[in-house]
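Working notes, structure below.
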Amino acid sequence: MTDKTALVTGASRGIGRAIAERLAADGALVAVHYGSNKAAALETVNAIETAGGQAFAVEADLARNDGVDQLIEGLGGRRLDVLVNNAAVFGPGIDATEEEFDRVFQVNVRAPFFLIQKALPLMRDGSRIINISSGVTWFAIPETVYAMTKGALNALGRSLANTLGERGITVNTIAPGITRSDMNTWLDELPGAKEGVSGITALGRPGQPADIADAVAFFAAPDSRWVTGQVLDVNGGLYLGPRAPLHH
Ligand SMILES: NC(=O)c1ccc[n+]([C@@H]2O[C@H](COP(=O)([O-])OP(=O)(O)OC[C@H]3O[C@@H](n4cnc5c(N)ncnc54)[C@H](OP(=O)(O)O)[C@@H]3O)[C@@H](O)[C@H]2O)c1
């Protein structure tokens, strides 16, 4: 990906950081976006540069109405080849207040939509858009509002892929399963949680951020040129079915 520029939202931590590191290792100049955690974003930039790659940090609070404009401004007019919408917040469920509901939709849906809209003039024909959704569109969790936002992202990807095909821009969606990050500290905090997750995962462990990043790298690379409008589950075989006989 030499001479290509990638923007990864929420690249200060977790899955976004792993995606930024992977795309930089593949040769891209990476814009490492963060919301408030500057120190963590600079750690990502530092890790990329130490590994011989190129990156710079961009701040923008995507919960704010002007967050997307701030992010676009932070790109300093650079052309973009890859846009990864990864930043998101988790929760709440049916007891959500209207403010909480709006905030989760703002960060998880409104921001990616308007970021795509405002980034498109910077994107060359043949560019890549990759949205990070979740398996919670097909398995139930109590955090209904979060699940709804990810359903919206899946719909966005399919619709947009059809619209942007004439420019050769592909739009694909990755749905991680249960992956180690600050969103899932319960994996280590709750007794038996890690074993429980391993027990419902065909490959027998929770995901690592790099497991997701490597799949993103495929959608960002020339090899995926004929794939668009797809949702790919990257989850080690989560909930494929019972892993032990149902009867003796
Ligand atoms: N972890 C999982 O098991 C899992 C499963 C399925 C899907 N996903 C999806 O994968 C993506 C990454 O998740 P993760 O687990 O890596 O999350 P994470 O560790 O909680 O990191 C979230 C990232 O989003 C950024 N962010 C949060 N709120 C923001 C805001 N208001 N404005 C700007 N940036 C904001 C954070 O920036 P700061 O550091 O500045 O706060 C951080 O970089 C998300 O789309 C998530 O829904 C995760």
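Semi-axes of the equivalent ellipsoid of the stretch 5-234 are 25, 20, 19 Å, computed as sqrt(5λ) over the eigenvalues of the C-alpha gyration tensor in descending order. Annotation: the stretch 102-248 has a Kirkwood hydrodynamic radius of 16.7 angstrom, from the mean reciprocal C-alpha pair distance. Ordered by the count of other Cβ atoms within 10 Å of each Cβ, fewest first, MET148, MET183 give MET148, MET183. Cβ crowding within 10 Å ranks HIS247, HIS33 as HIS247, HIS33, fewest other Cβ atoms first.
Think of it as helices only: each DSSP H run of n ≥ 4 in the chain is worth -39500 (n - 2.57), and spread over all residues that comes to -11500 deg cm²/dmol at 222 nm.
Residue by residue, the stretch 104-118 carries 3J(HN,Hα) couplings of 5, 5, 4, 6, 8, 10, 4, 5, x, 4, 6, 5, 4, 4, 7 Hz when phi is fed to the Karplus relation 6.51 cos²θ - 1.76 cosθ + 1.60 (θ = phi - 60°); x denotes Gly or Pro.
Among beta bridges from DSSP that stay inside the chain, the antiparallel ones total about 5%.
Sorted ascending by nearby beta carbons within 10 Å, beginning with the fewest, GLU99, GLU43, GLU21, GLU49 become GLU99, GLU49, GLU43, GLU21. For the chain, modelled as a Gaussian network with Cα springs under 10 Å, which listed residue fluctuates most, ASN86, ASN154, ASN46? Of ASN86, ASN154, ASN46, the most mobile in the Gaussian network model is ASN46. For the stretch 1-121, the C-alpha radius of gyration sits at 1.06 times the compact-globule guess of 2.2 N^0.38 Å, with N the residue count.
All of the numbers you see were taken from the coordinates with simple rules; none came from a lab. This structure is a prediction, so every number in the text was calculated from the model and none was measured. Note that we place each Cβ from the backbone using ideal geometry, even for glycine, and neighbour counts take in every protein chain shown.
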